[in-house]
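The values are calculated or read from the model by the stated rules, or taken from the named source; none is laboratory data. What you see is a predicted model; the values in this text were computed from it and never measured. Here Cβ is always computed from backbone atoms with ideal geometry, including for glycine, and neighbour counts include all displayed protein chains. Please note that ligands, DNA and RNA were not included when accessible areas were found on the heavy atoms of the full protein model with its side chains. Shrake-Rupley method; radii C 1.70, N 1.55, O 1.52, S 1.80 Å.
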Amino acid sequence: MKTFFSPFVFGTLSLLTTAVSAATFSLYGAVDTGLSYMHVRNGDDSLQMSTGNYAGPRFGFKGSEELTPGVTVNFILENGYNSDTGALDAAGKMFNRESILYLKTPYGTFGVGRTGPFTSGTGSLSRYWDLEPFETGYSDAGIQGTQVNVWSRHSNTLYYVSPKVAGWEAGIQYSLSGDQDAETDGMADDDHFANAYVRWDGPTLIVAAGVELYTVGQTREAVSNQPNKDRWSVKLAGAWTPQAGATTLFAGYNFFNNQNKFSDTTWLDDTNLTFDDSGKGIEAHAFYLGIRHKVGQVAWLGLLQFMTGENKGALAKDEDEFKRFVAGLGAHYYFSKRTMGYAVASYAKGTGLLDQEGSLTNRYQAHLGVTHWF
């Protein structure tokens, strides 16, 4: 039995460890605290202690039990918190980051619960986080600066992951409630989210492709000033390490339409969006190129992103086009296998809809801190 816990939680966990004495059980987590500086163009400067710059602080429980040879039942319960204040991530949720129960068999893995999409950087199901140098961290620096659903999670999800054969793996998931926490009495009234992917891991090359579909329930049709047509997103990504050496090159693409936001990190400007009654939303193409180069205990990181798009549901005579350029540079220093220091800077500039009076996401950002896993 594998257990990691400090004395002050021993009493709380003793009953749990006794109950699963015939199975594996572990406590795990991460602490990430640092300083962040931000300069908004034509705006204010800020310097503050920050949390989760690279890895969202979390603690969780994992466990498994073998039912028959080759078949195990497993669970993950993971909660997020702010390491600079000790506050929990989400009020009213104990395991807001992940809460899944799954069955591993020779024919694949079948699971249910709350988790992130395969084509996101969140949760144990992510098949996307390692396909860019910043591993979907650091606000604008990672690919979430120009892509959607990189940081998303969905409750009430069913999923299947195939066995890996000759490096190939595929999966599909379906959420009965989309971004909502609970289902209503009618399937047609709920939002739904579906995600499918395929990925191949070779000796020096990794490639992945995925599609995301978000359907909006009928109850949303009465909501004004929001797109309610189905939201599509297609993602392609790859990582190549020539001769399995010290340098890895990254590239990727994301197409999305009918979204109600520009990207995962532009929420300060997303609130300025207005839509007509056509039900249409944001449509965009996002591209990125990146590099990671390891020298001893240091990994040097660089990423360039470009997004171009249009608000298909713009009101008459309103600005409807936009572009966003993002550049990120940084370094990871590995003190050990479990402790990493980071220094990262990014620059983001938007045009059109992203460069209006009061725009807040044309900015410089810098992060300095430490992440520790336990």
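Taking a virtual spin label 7 Å from the Cα of T274 along the C-beta vector, which residues in segment 313-337 bring their backbone nitrogen under 19 Å of it?
Residues passing the 19 Å test: 313-322.
So, in nm, how far is label A166 from label F374 when the simple model puts each one 7 Å beyond its Cα toward the Cβ?
Here the answer is 4.6 nm between the modelled labels.
Which parts of segment 360-374 would a label at Y334 reach, counting a residue when its backbone N lies under 14 Å from a point 7 Å out along Cα-to-Cβ?
373
Calculate the spin-label point distance for V73 paired with A343, positioning each point 7 Å from the Cα along the beta-carbon direction, and give it in nanometres.
5.1
How much length, in nm to one decimal, is gained on full extension between L315 and A251, taken as 0.36 nm per residue of separation minus their Cα-Cα distance? Present the calculation step by step, with values, prior to reporting the outcome.
On the way: separation 64, 0.36 × 64 = 23.04 nm, distance 3.47 nm.
Full extension from L315 to A251 adds 19.6 nm.
Structure shown: which of K235/K323; K164/K261; K312/K349; K235/K261; K164/K280 lie over 28 Å apart, alpha-carbon to alpha-carbon? Please list the in-between numbers first.
Values: K235/K323 19 Å; K164/K261 35 Å; K312/K349 22 Å; K235/K261 17 Å; K164/K280 38 Å.
As for pairs spanning more than 28 Å Cα to Cα, those are K164/K261; K164/K280.
With springs only between Cα atoms under 10 Å apart, run a GNM on the chain and tell me which of Y364, Y81, Y28 wobbles the most.
Highest fluctuation of the listed residues: Y28.
So for the pair L35, E357, with labels modelled 7 Å out along Cα→Cβ, what separation do we get in nm?
In this crude label model, L35 to E357 measures out at 3.6 nm.
At 1.4 Å probe size, with every protein chain present, just tell me what the per residue accessible area of the chain comes to in Å². Could you put the intermediate results ahead of the total?
On the way: 17780 Å² over 374 residues.
For the chain, the per-residue accessible area is 48 Å².
Would you mind counting up the charge near N149? Only other residues with Cβ under 12 Å from its Cβ, with Lys and Arg at +1 and Asp and Glu at -1.
Details: positive: R153, R231, K235, K261; negative: D179, E212, D264.
In short, +1.
Mind giving me the FRET efficiency for E65 and L304? R0 is 45 Å, r the Cβ-Cβ distance, nearest 0.05 is fine. Each step should come with its number before you reach the end.
Numbers: r = 46 Å, r/R0 = 1.03.
My answer for the efficiency is 0.45.
So if each residue of separation counts as 0.36 nm, and I subtract the Cα-Cα distance between A244 and Q297, what length gain in nm does that give?
Working: separation 53, 0.36 × 53 = 19.08 nm, distance 1.71 nm.
Length gained, A244 through Q297: 17.4 nm.
Averaging sequence separations of C-alpha pairs under 8 Å and six or more residues apart, then dividing by the length of the chain, give the relative contact order as a whole percent.
It comes to 13 percent, rounded to a whole number.
How large is the helix-only mean residue ellipticity at 222 nm for the chain, computed as the sum of -39500 (n - 2.57) over DSSP H runs with n ≥ 4, divided by its residue count, in deg cm²/dmol to the nearest 500? Present the calculation step by step, with values, prior to reporting the outcome.
Numbers: 2 runs with 14 residues, N = 374.
Counting only the DSSP helices, I get -1000 deg cm²/dmol.
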